[in-house]
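Undergrad: This is the structure I want to talk about, given as structure tokens.
Computed from the coordinates by the stated procedures, all read-outs in this text should not be read as laboratory data. Because the structure is a prediction, the values reported are computed rather than measured. Because the Cβ atoms are built from the backbone with ideal geometry, glycine has one as well, and the counts that use them run over all protein chains shown.
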């Protein structure tokens, strides 16, 4: 199976963020799991696309409640709509 395009991943991130609403977050693995069965190899790409969306101001990425860069952060992060 081929990997989804960055545009498909970005749309999936934005769709879930908008469905959850401001103040509600999700794990990047939720996106990968919804797109492909073997989701773990997709995680680097999901974080990369999330990083682009963060730079564009369309979403925010946090770790323990603090803003982080999804590409360089280690450990679990959360994604969601910007709060402010």
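Undergrad: Please identify, among 41, 67, 28, the residue showing maximal mean-square fluctuation in a Gaussian network model of the chain using a 10 angstrom Cα cutoff.
TA: Maximum fluctuation in the GNM of the chain, among the listed residues, is at 41.
Undergrad: How much of the calculated P(r) for the stretch 1-53 lies past 19 Å, in percent of all Cα pairs? Don't jump to the answer; show the numbers that get you there.
TA: Working: 253 of 1378 pairs.
Result: 18 percent of Cα pairs exceed 19 Å.
Undergrad: In the Gaussian network model of the chain, springs joining C-alpha atoms below 10 Å, which of 49, 36, 68 carries the largest mean-square fluctuation?
TA: Of 49, 36, 68, the most mobile in the Gaussian network model is 36.
Undergrad: I'd like the distance between the alpha-carbon centres of the stretch 39-75 and the stretch 1-31, rounded to an integer number of Å.
TA: The stretch 39-75 and the stretch 1-31 have Cα centres separated by 11 Å.
Undergrad: Could you check the spin-label model distance between residue 58 and residue 44? Points 7 Å from the Cα along Cα→Cβ, value in nm.
TA: 2.3
Undergrad: Helix-derived [θ] at 222 nm for the chain: sum -39500 (n - 2.57) over DSSP H runs of at least 4, divide by residue count, nearest 500?
TA: The per-residue figure over the chain is -13500 deg cm²/dmol.
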